[in-house]
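For reference, the structure is listed below as C-alpha cells.
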Amino acid sequence: MCSHHREESDRENTPQLPVDAQDDVLPRDIPHRTTFYDSVVERQMSQADAKLFYQRSQLDDSRSSVAGEPAPSASYNDPVAALATGSGLEHDEDTELPGSFGKSPRAGVDSVRIAAEASRGISNNFLDSQPQVTAELSSISKSIEDIIALRQKYLALSLQRPEDDPKNSPDWEIYPYGDESGDDFDMEHCMPLPPNDDSMTYKLSDGGVYEIFQNDDSQALAFSAPTIRQFYMDLDSILLASSDGPSKSFAFRRLQYLEGKFNLYALLNEYQETADSKKVPHRDFYNVRKVDTHVHHSASMNQKHLLRFIKSRMKKNPDEVVLFRDGKHLTLAEVFASINLTAYDLSIDTLDMHAHTDSFHRFDKFNLKYNPIGESRLREIFLKTDNLIKGRYLAELTKEVISDLEASKYQMAEWRLSIYGRSLDEWDKLAAWVVDNKLFSQNVRWLIQVPRLYDVYKDNGLMESFEQIVTNVFQPLFEVTKDPSSHPKLHIFLQRVVGIDTVDDESKIERRLYRKFPVPREWSTKQNPPYNYWIYYLFSNIASLNFLRKKRGFNTLILRPHCAEAGDPEHLAAATLCCHSISHGVLLRKVPLLQYVFYLEQIGVAMSPLSNNALFLSYDRNPFPQYFKRGLNVSLSTDDPLQFAFTKEPLMEEYAVAAQIYKLSPTDMCELAKNSVLQSGYEAAVKRHWLGPCFDKPGKEGNTMAKTNVPDRREEFRYHTLLTEREVLSRYAAFNTNAEQRNAKSDLTAQTPSGNLPSSSATEPASSITSPTSTSEQGLPPRSTSNSVADAHISGSDPMIFPGIWSRDPSRRNLTKMDSWGVQSTELPTSPDTE
C-alpha cells in the first residue's frame, strides 16, 4: 500500500474531535478505531439502550393508566412497593386483603398491586423478544401447578386439610379442659360412649387397603383410596418434573429471588419492626406460645432429669420387682447389682446417653444411646410403656416433664409414641397406659410413630408378610371407630392423637427387587419395603379411616412422617404428594423444584438443627436459615432432648442456639413460634386462644400482634410475596404455546426481506400472545414477536432468562431486533453491520 493510501486510512480510523477540544486532548488519549472496537458506535449504542429503557418505563406507566386503575402507592399494606419508594411505614386501614390462600385476589387495588409486584419479579416485556423462553416458562409453570393439583387432590381425598377435621368445629369439646391438670381426669365424664354404627362396614382388600362399604343390600363401595399403581404413576410425574433441568434452574432462581427479597425487606424494616414490638404490652418471645412439633416421648427429658429419677427409685424402691429376665424375676437392686453399679456410682458420664461426635452418620450407634449405661434392660425398665410394671416408671417420669411444661405455661409438645405393628393388642396397651396414668395436659398432644422394622420382625420369625403390619396397625383403629365400646380407652386416647408418623434410618440403601411392587400379602421377602411403599400404605389406610371417622364425627388423623433427613431425596416426592407436613427436610436443599412447591403450598417442615448436627449435617451447613428467609413454613423442634439437650428447657435451648448462630431477631423467633402453633395438631379453639380470633386468615387480617408479637408488616410482607409467586405461576401457566407457534408462522410469511430493517412506520402483523397476560386484556395493542428467534431452540441461543434476571442479547443484536421490543424508534444507531 502506498504512503498516500496509508495516511488516508489513518485519518479515517482516527475520530475527528471538535477544534476547540483538540487542543485539550493529547494524541495518545484520542481513541483509535480497531477491528473490534469503535468508540463512536459504542457511545451511540449506549445512548440507544438508555433510550429503550426509558421507553419501556413509559410503556409500563401507560399500561397502568389504560387499565383504568390508579398506580398502587407505597403503603403499609404493600411492603414491596414500600421498598421501591423507601417508605413503608404508614398504615393504610382501608385496603382489604383477599379472602384466603390459593384464591386469586379480588379486582381492585389488590389485583393491581399483585400484578405490579409480579411484573417486578418477571419483566414480561423483556421476555417478549424471545417467545420460546416464555413458552418454556409456561411449560415449567404448568408442571408446578400439576404437582400442586395432585397434592391438593390427595389431601382432599384423605381429609387431611384443617377444614376437614371435626375437632376444628366450634362445638368440639376438649376434655380435660385447658385449665385442669391431668389428675382431674375422670373416665366417667366420657361415658356413655357413642353407639355402634351399623350403616357402614369395612374390609381389608386384596391390595392391602381397608375399604368402606355401605352396610345394606347393595353393599356399595362408599370409599376407595387410590391404587398403588395410580400412586406410583403420580409419584413418577412429580419425580420427572423435579429432575427436569430447566425446571430446577427456574425454581432455584425464584428461591434465590425470595431470599434476596427478604434480606432487602429486613434491612429496610428492622428498626420499625423493633418499634412495633415495643408497643405491645406484656408480650415478648418468652411468653408467646411455641410448640415442639417433633419430639420423641421416650427421649423427652434431659439426661440430668433421668439421672435424678433413676437415683430416686433406687433409693426409695430397691426391692420392687421390675424385670423378668432369664426365667426369673429381678428387683431393681438386683438389676443394678448385675451390672456392678450403685446409686452413688451413677453420673452423666456413666449414663452415656448424649450423642457425641462418634454418632455422626452412625444411626446404629445413635439408637444405642437410648440404653442407659449401654444396658437394654434399663431402657426396658425406665423408658418403655409395655413392661413388667406396665410402664409405671415412664409414666411418673412423664408427669414430671408435663409438670415442667405446665410451669413454663407457654411451651407445648407433640410427643411421639411407638406402635410397632407386631401384635393387635399394642393399641389397647398404649391407650391403657395413657388413660390409667391420667397423662392428659393442655400442653401435650400425641402422635403415633410406626418404625419401619419389617425386616427385623421377618428375621425373628414374628410375621410372614407385610400385610400383618398393615393389619396390626389399622384394624384396631377401624374397630374402635365403628364401635367405640370395643376399645373404650383407645377411643378416649385417640381424641388427643394428632396423626401418624413413620421413623427409621433413611440413609439405608433401598434396592428394588421387583419391577412392579407386590401387594402386602405377597411381600414375604426379608428385605424391608422402600420408603415410598410404607408411605403409600400408611396414607391409603389413613384416608379410609378418616372417611369413616368423619362420618361418625370423630377427629381425623394426618400423616406427618420423618422425611429427607438423609438418604434418597426421592422421599420428598412422596411427602409432597400425600403428607400433611414433614419432620427434618434438610434434603430439600438438593431438590429446588420441590422446595419451591413446599413454599407455594406452605407445607410444614419441623426442623431440628441440633439433632442434624449430631447425626447427618453440621450446624453451619444446615439449610434452616435459608428456608426461613425464603418464606417456607418452618418451625424449630428438639427431636431427642435426651441425646442433644443440656438444659431443663430443651425447646428454649434450640431457639437460643439458632438465634446465636443464625443471628435471628426477636421478630424472627416469634414468627417461628407462631409457625409451630400453626403446624401443630391442636384444636382450632386452642389456636384461636393462643394466636387470636382470626388466626386462620392470611396476612395482617389473621395476625393479632398482642398474642403473637409478630408485627403486621412482617405478616403482610410474607403474604403478598406468596401471592406474587402464585400470580407469576398462574400468568405463565395461562400462556398458550400453540397459539404462539401459529402466530410465529404467520409472522414468517409476512417477514420483510432479510438484511432490511423494518421502518418505524411499517405495518406489522399482529402477534397473539407474547406474555402470560394477554395484551388485549390490558387494553394495549398487540405487539409482534421476533421472527429471528421464533424457531430457535432455547439451549442453542442466548442464555436462559428467568424471573428476576434479565440476560440481554449482545447490544448489537438487540438493536437489530428493536421491532420485537414493542418500541418505535426513528433513530437507529449507525454501525457498519446494520447497513
What is the number of the single condition among (1) in contact with a helix residue (DSSP H, G or I) (Cβ under 9 Å, 6 or more places away or on another chain); (2) surrounded by fewer than 20 Cβ atoms within 10 Å (Cβ to Cβ); (3) farther than 21 Å from PRO195 by Cα that LEU513 does not meet? (1)
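Give the number of residues within the stretch 402-419 that are of a type in the set (Phe, Trp, Tyr) and surrounded by fewer than 18 Cβ atoms within 10 Å (Cβ to Cβ). Show your work before the answer.
Step one: filter the stretch 402-419 for residues of a type in the set (Phe, Trp, Tyr), giving 410, 415.
From what's left, surrounded by fewer than 18 Cβ atoms within 10 Å (Cβ to Cβ): 410.
Result for the stretch 402-419: 1.
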So, in the stretch 455-510, exactly how many residues are under 23 Å from PHE213 (Cβ atoms), in contact with a helix residue (DSSP H, G or I) (Cβ under 6 Å, 6 or more places away or on another chain) and assigned to a loop (DSSP other than H, G, I, E, B)? 1
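Of the residues in the stretch 242-259, how many are closer than 18 Å to ARG714 by Cα and free of Cβ contacts under 8 Å to residues at least 60 places away in the same chain? Let's see the steps before the verdict.
Start the filter on the stretch 242-259 by keeping residues that are closer than 18 Å to ARG714 by Cα, which leaves 257-259.
If we keep only those that are free of Cβ contacts under 8 Å to residues at least 60 places away in the same chain too, we end up with none.
The total comes to 0.
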Return the total of residues in the stretch 646-666 being over 20 Å from the mean Cα position of the chain (by Cα), part of a helix (DSSP H, G or I) and not acidic (Asp, Glu). 9
Might you let me know whether the stretch 209-220 holds any residue that is in contact (Cβ under 8 Å) with a residue 24 or more places away in the chain and part of a loop (DSSP other than H, G, I, E, B)? yes
From the set of residues in the stretch 307-321 that are aliphatic (A, V, I, L, M) and closer than 28 Å to PHE644 by Cβ, which is surrounded by the most Cβ atoms within 10 Å (Cβ to Cβ)? ILE310
Filter pass, LYS304 being touching a residue at least 24 places away in the same chain (Cβ under 8 Å) and either of a type outside the set (Lys, Arg) or within 30 Å of LYS399 (Cα to Cα) (or both): yes
Can you tell me which residue in the stretch 517-550 is surrounded by the most Cβ atoms within 10 Å (Cβ to Cβ), limited to those that are closer than 19 Å to ILE469 by Cα and charged (D, E, K, R)? ARG521
Can you find even one residue in the stretch 378-390 that is surrounded by 17 or more Cβ atoms within 10 Å (Cβ to Cβ), at pLDDT below 95, farther than 17 Å from LYS429 by Cα and not basic (Lys, Arg)? yes
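Would you pick out the residues in the stretch 301-322 that are closer than 30 Å to SER583 by Cβ and out of contact with any Pro (no Cβ under 6 Å at 6 or more places or on another chain)?
Of the residues in the stretch 301-322, the ones closer than 30 Å to SER583 by Cβ are 301-310.
Result: MET301, GLN303, LYS304, HIS305, LEU306, LEU307, ARG308, PHE309, ILE310.
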Under 7 Å between Cβ atoms, at least 6 apart or on separate chains: pull out the pairs that start in the stretch 427-443 with a residue that is surrounded by fewer than 21 Cβ atoms within 10 Å (Cβ to Cβ) and end on any residue that is among the small types (Gly, Ala, Ser) and assigned to a helix (DSSP H, G or I). ASN437/ALA395; LYS438/GLY182
Any pair with Cβ under 6 angstrom, 6 or more apart, that starts in the stretch 153-173 at a residue that is in contact (Cβ under 8 Å) with a residue 40 or more places away in the chain and more than 14 Å from PHE554 (Cα to Cα) and ends at one that is surrounded by 16 or more Cβ atoms within 10 Å (Cβ to Cβ) and of a type in the set (Gly, Ala, Ser): LEU157/ALA543; SER158/ALA543
With the condition kept exactly as written, say whether any residue in the stretch 495-502 is within 30 Å of the chain's Cα centre (by Cα), of a type in the set (Lys, Arg), crowded, with 17+ Cβ neighbours inside 10 Å and over 27 Å from GLN230 (Cβ atoms). yes
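Identify the residue in the stretch 604-631 that is of a type in the set (Phe, Trp, Tyr) and outside any loop (DSSP other than H, G, I, E, B) and, among all such residues, is nearest to ALA645 (Cα to Cα).
From the stretch 604-631, those of a type in the set (Phe, Trp, Tyr) are 616, 619, 624, 627-628; that's our starting set.
Cutting the leftovers down to outside any loop (DSSP other than H, G, I, E, B) gives us 619, 624, 627-628.
Numbers: TYR619: 14, PHE624: 19, TYR627: 23, PHE628: 23 Å.
Looking at the filtered set, the residue picked out is TYR619.
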Among (1) within 25 Å of LYS399 (Cβ to Cβ); (2) among the acidic types (Asp, Glu); (3) exposed (fewer than 14 other Cβ atoms within 10 Å of the Cβ), where does ASP292 come up short? (3)
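From the list GLU715, GLU701, GLU740, pick out the single residue that is modelled with pLDDT under 60, surrounded by 14 or more Cβ atoms within 10 Å (Cβ to Cβ) and not basic (Lys, Arg). Outline the logic, then answer.
Numbers: GLU715 fails: modelled with pLDDT under 60; GLU701 fails: modelled with pLDDT under 60.
Just one listed residue meets the conditions, GLU740.
Does ASP284 satisfy the criteria of being crowded, with 16+ Cβ neighbours inside 10 Å, under 32 Å from the mean Cα position of the chain (by Cα) and either closer than 14 Å to THR667 by Cβ or among the hydroxyl-bearing types (Ser, Thr, Tyr) (or both)? So that I can check it myself, show each step before the final result.
Working: crowded, with 16+ Cβ neighbours inside 10 Å: no; under 32 Å from the mean Cα position of the chain (by Cα): yes; either closer than 14 Å to THR667 by Cβ or among the hydroxyl-bearing types (Ser, Thr, Tyr) (or both): yes.
So ASP284 fails the test.
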Identify, please: which residue in the stretch 564-589 is surrounded by fewer than 22 Cβ atoms within 10 Å (Cβ to Cβ) and among the charged types (D, E, K, R) and is, among those, farthest from ILE500 (Cα to Cα)? ARG589
Tabulated pairs, the stretch 188-204, first under 21 Å from VAL435 (Cβ atoms), second surrounded by 11 or more Cβ atoms within 10 Å (Cβ to Cβ) and among the aliphatic types (A, V, I, L, M), C-beta under 9 angstrom, 6+ apart or interchain: CYS190/ILE492; LEU193/ILE492
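Please work out if PHE644 is buried (at least 23 other Cβ atoms within 10 Å of the Cβ) and at pLDDT below 95. Explain how you work it out, then say what you get.
On the way: buried (at least 23 other Cβ atoms within 10 Å of the Cβ): yes; at pLDDT below 95: yes.
The answer is yes for PHE644.
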Looking at the stretch 314-363 only, could you name the residues that are at pLDDT 90 or above, in a helix (DSSP H, G or I) and over 18 Å from GLU375 (Cα atoms)? LYS315, LYS316
Considering only the stretch 564-594, state which residues are in contact with a Lys or Arg (Cβ under 6 Å, 6 or more places away or on another chain), within 17 Å of PHE624 (Cβ to Cβ) and assigned to a helix (DSSP H, G or I). PRO592
Condition first: among the acidic types (Asp, Glu) and farther than 30 Å from GLU145 by Cα. Can you find one or more residues in the stretch 218-234 that meet it? no
Would you confirm whether or not the stretch 620-632 contains a residue that is surrounded by fewer than 24 Cβ atoms within 10 Å (Cβ to Cβ) and of a type in the set (A, V, I, L, M)? no
Of everything in the stretch 295-306 that's assigned to a helix (DSSP H, G or I) and either at pLDDT below 90 or buried (at least 19 other Cβ atoms within 10 Å of the Cβ) (or both), which residue is farthest from the chain's Cα centre (by Cα)? LEU306
Would a scan of the stretch 551-563 turn up a residue that is in contact (Cβ under 8 Å) with a residue 12 or more places away in the chain, surrounded by fewer than 24 Cβ atoms within 10 Å (Cβ to Cβ), at negative phi and assigned to a helix (DSSP H, G or I)? yes
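Is one or more of the residues making up the stretch 512-530 of a type in the set (Gly, Ala, Ser), modelled with pLDDT under 95, in a loop (DSSP other than H, G, I, E, B) and more than 28 Å from the chain's Cα centre (by Cα)? Steps first, please.
From the stretch 512-530, those of a type in the set (Gly, Ala, Ser) are 524; that's our starting set.
Now drop any that are not modelled with pLDDT under 95, which leaves 524.
With the extra rule that they be in a loop (DSSP other than H, G, I, E, B), the set shrinks to 524.
Next, from what is left, pick out any that are more than 28 Å from the chain's Cα centre (by Cα): 524.
Checking the stretch 512-530: at least one residue is of a type in the set (Gly, Ala, Ser), modelled with pLDDT under 95, in a loop (DSSP other than H, G, I, E, B) and more than 28 Å from the chain's Cα centre (by Cα).
The values are calculated or read from the model by the stated rules, or taken from the named source; none is laboratory data. Predicted, not measured: the structure shown is a model, and the values here were computed from it. No Cβ is skipped: glycine too gets one built from the backbone with ideal geometry, and neighbour counts run over all protein chains shown.
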